[in-house]
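Each remark here refers to the structure printed beneath this line.
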Amino acid sequence: MDIENFRIKLEFNVEEMNLIFGFLETIPYGQVAGLYENVKKQVDAQLIPLENFNAASPEETINTDYPV
């Protein structure tokens, strides 16, 4: 397997993700644009839309902490 195609799965809470995005903001965008977009895409796919958060049943929110 090519090392550049090897995937690592990590788990962070919302506060930790906000810190990571904060760190990425300190680096010139051109250097982290691909990484930033990749992380954001994965985070967005896991969040419950704010308008649906209060209406969601407990079964639907088991694996999700809070919306951002």
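The values are calculated or read from the model by the stated rules, or taken from the named source; none is laboratory data. Computed from a predicted model, the values in this text were never measured in an experiment. Every residue, glycine as well, gets a Cβ built from its backbone with ideal geometry; the counts of neighbours run over all protein chains shown. We work out accessible area using only protein heavy atoms, side chains counted, and drop any ligands, DNA or RNA first. Shrake-Rupley method; radii C 1.70, N 1.55, O 1.52, S 1.80 Å.
Listed values, structure above:
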item: Residues of the stretch 1-55 that turn out to be of a type outside the set (S, T, Y) and in a helix (DSSP H, G or I), as a count; result: 33
item: Contacts under 8 angstrom Cβ, first residue in the stretch 25-43 being within 19 Å of F12 (Cα to Cα), partner in a loop (DSSP other than H, G, I, E, B) and open to solvent by 80 Å² or more (accessible area, probe 1.4 Å), 6 or more apart; result: V43/V68
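A quick yes/no check of all residues on (1) at pLDDT below 85; (2) open to solvent by 90 Å² or more (accessible area, probe 1.4 Å):
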position: K9; (1), (2): no, yes
position: E16; (1), (2): no, no
position: I20; (1), (2): no, no
position: V32; (1), (2): no, no
position: N38; (1), (2): no, no
position: L50; (1), (2): yes, yes
